[in-house]
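Notes to accompany the following structure.
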Amino acid sequence: MHIIAKIKKNMVKDIPARGTICGKCLPARYVLAVLGSIGMAIIYGLKVNLSVAMVAMLNHTAIRNDNVDLSHNINDNFAKPVEKCQPPDGDTDDYIAILEDGPFDWSGPLQGTLLSCYFWGYLISQIPGARIAENFSAKWVMLTAVAINVLCTILTPIFTKVHYVGLIFMRVLEGIGGGVTFPAMHCMIAAWSPPNERSIMSTIIYVGTSFGTAVSILMAGFLSDNFGWESIFYVMGGLSCIWMILWICFVQDNPNEQRFITADEREMINSSLGQSKEDAKEGHPPTPWNQVLKSIPFWAILIAHCCSNWGWYMFLIEVPFYMKQVLALNVTSNAMASAMPYFPLLIFSIMLGKILDTLKAKEKITTTAARKISTTIASAIPMLCLLILCYIGCRHNWAIAIMTIGIISMGAMFSGFLSNHIDIAPNFAGTLVALTNTVATLPGIIVPIFVGFITKGNQTIAAWRIIFFVTMVLFVIEFLVYIILGSGEEQPWNKKNQTNDSENTPLRNKENTS
């Protein structure tokens with residue numbers, strides 16, 4: 001790391017600001033935010049496109065569906081009537097019969113492996129990626145992450161046709177690239193966002209994850225229907241190359257390295273963050289692991305992140321299955337219905353972030369209050385939505401509306417705990433989010449297993465109530481832990497001077513003694 005720090009020090013130069021038209025009309029920090037949001041959208045779009053493409057890739061005729069007679073078995077095994085709804089008028093399962101067969105005869109377990117192996121790479125790359133981003137360059141780490149995903153996406157059809165192991169290899173590599181994106185972007189936000197704009201900048205960047213998911217679902221469905229499943233990977237991967245060129249040209253690691261910025265904006269950002277050009281030339285301090293792991297605000301973020309991710313994956317992946325299994329509603333078969341909640345989520349998240357930043361700038365609320373307000377919205381409202389789903393019965397339209405409200409309200413997490421790492425330790429924001437996001441990835445693996453265990457042979461409202469109540473308990477834990485222990489104040493161990501002083505204390509004492 002010392003070698004990397006020296007390289008980084010030599011790279012940083014006093015680059016003069018250019019008062020370009022672009023810089024005057026659109027501040028450089030928001031160019032970063034918009035391009036960062038598109039970058040996150042690309043990562044998440046390329047992450048979920050396989051789930052849509054797989055429908056066209058599978059040979060449905062050759063694959064035996066073990067659940068064909070599931071409803072019959074349920075009725076045989078339970079003496080009391082099964083709690084299930086009738087499908088609404090005009091909503092049938094006839095769409096299954098018209099699916100065209102693809103070239104691949106993959107079993108159910110293999111399909112699950114292909115969809116989940118992305119997380120194998122995602123889990124192992126976050127902490128190393130964070131350390132590289134902090135010590136060398138978050139810009140180039142983010143670019144490398146997208147480049148890996150783009151290359152693997154374009155090569156996916158070729159490797160898949162050779163053998164399914166080739167697809168697994170491509171997905172693991174994509175996961176490795178995807179894992180470093182949050183740490184890299186947290187480092188960029190810490191270097192670029194004034195404290196009173198941190199909520200809105202974080203929200204703009206991270207709402208790209210939801211936007212990318214929605215656009216990918218719609219685009220993949222259209223491409224698959226009209227041009228074949230291979231086009232999903234070629235078109236989406238090819239278009240992403242445009243972003244890479246823009247990122248290289250218009251983004252730098254910090255304002256002092258940026259040419260396309262006005263002198264006023266550079267001075268404003270540096271003064272608000274309390275840093276100078278000399279600070280950027282100093283090496284990055286070593287991570288104070290002991291203090292981090294003893295930090296109560298850090299543990300509040302970690303617990304909130306894990307509980308929130310459980311709820312997020314529940315709404316994102318499992319609630320549509322509830323609509324299908326219990327309400328007999330084909331939400332999962334309609335790409336538009338599946339993608340629709342993410343567009344109002346984008347608007348709501350940005351509006352909330354802007355409101356909170358405005359209130360902070362006017363000193364109406366503190367950073368701590370802003371983070372707790374957002375996290376409360378992102379936990380309390382989804383919890384209530386799940387409670388309503390438990391007892392709403394067979395009201396299909398109401399169920400869709402409640403699910404949509406739950407997903408939209410969870411967008412508040414972008415300006416809540418998900419931005420909090422930067423508040424408590426901007427110097428180590430990448431490492432902190434890598435730690436919490438690594439642990440918070442586990443719910444994405446556990447949730448489908450948990451739901452499958454509860455609903456196996458028992459796809460009823462009663463079974464889903466158990467699932468929803470477990471999720472509600474986790475939302476309550478998120479709310480209580482974060483409200484009680486969360487903080488938006490910078491922690492003492494973030495200070496560079498203090499870190500250096502603590503390391504040099506024995507040497508100084510020895511010198512004084514001699």
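The values are calculated or read from the model by the stated rules, or taken from the named source; none is laboratory data. All values reported here derive from a predicted model rather than from experimental measurement. So basically every Cβ, Gly included, is an ideal-geometry build from the backbone, and we count neighbours across all protein chains shown. Heavy atoms of the whole protein, side chains included, go into the accessibility calculation; ligands, DNA and RNA do not. Shrake-Rupley method; radii C 1.70, N 1.55, O 1.52, S 1.80 Å.
Take the solvent-accessible surface of the protein heavy atoms, probe 1.4 Å, and return the percent of it on segment 288-492 that carbon and sulfur atoms account for.
About 74 percent, which is the carbon plus sulfur part of the accessible surface.
Which of the residue pairs K324/K456; K47/K161; K139/K161 have a Cα-Cα distance greater than 23 Å in the structure shown?
In this structure, K139/K161 exceed 23 Å between Cα atoms.
Mind checking the alpha-carbon convex hull of segment 288-492 and giving the volume per residue in Å³?
Spread over its residues, the Cα hull of segment 288-492 gives 118 Å³ apiece.
Pop a pseudo-label 7 angstrom from the Cα along the beta-carbon direction at both L110 and I248 and give the gap in nm to one decimal.
Here the answer is 3.9 nm between the modelled labels.
With θ set to phi - 60° and the Karplus curve 6.51 cos²θ - 1.76 cosθ + 1.60, what are the ³J(HN,Hα) couplings of segment 26-40 in order, to the nearest whole Hz, using x for Gly and Pro?
Once rounded to whole Hz, the list reads 10, x, 4, 5, 8, 5, 4, 4, 5, 5, x, 5, 5, x, 5.
With θ taken as phi - 60° and the coefficients 6.51, -1.76 and 1.60, list the Karplus ³J(HN,Hα) couplings across segment 430-441 in order, rounded to whole Hz; mark glycine and proline as x.
x, 5, 5, 5, 5, 5, 5, 6, 5, 5, 6, 6
Solvent-accessible area per residue for segment 396-460 at a 1.4 Å probe radius, Å²?
29
Can you compute 3J(HN,Hα) from phi for each residue in segment 464-472, using the Karplus curve 6.51 cos²θ - 1.76 cosθ + 1.60 with θ = phi - 60°, rounded to whole Hz and x for Gly and Pro?
Ordered by residue, 3J(HN,Hα) equals 5, 5, 4, 4, 5, 5, 4, 5, 5 Hz.
Under a Cβ-only charge scheme (Lys and Arg +1, Asp and Glu -1), can you give me the dipole magnitude of segment 216-267 about the Cα centre, in debye to the nearest 20?
My answer is approximately 140 debye.
Treat each spin label as a single point 7 Å out from the Cα along the C-beta direction, and report the A62 to T358 distance in nm.
5.9
Scan around W106 for amide H atoms under 5 Å from its own, H built in the peptide plane at 1.01 Å from N, and keep only partners 5 or more places away or cross-chain.
Here the answer is N59, since their amide H atoms fall under 5 Å of that of W106.
On a C-alpha basis, how far is the centre of segment 417-447 from the centre of segment 125-149 in Å? Whole number, if you could?
15
For segment 119-207, what value does the Rg/Rh ratio take when both radii are computed over Cα atoms and Rh is the Kirkwood radius, given to two decimals?
Rg/Rh: 1.09.
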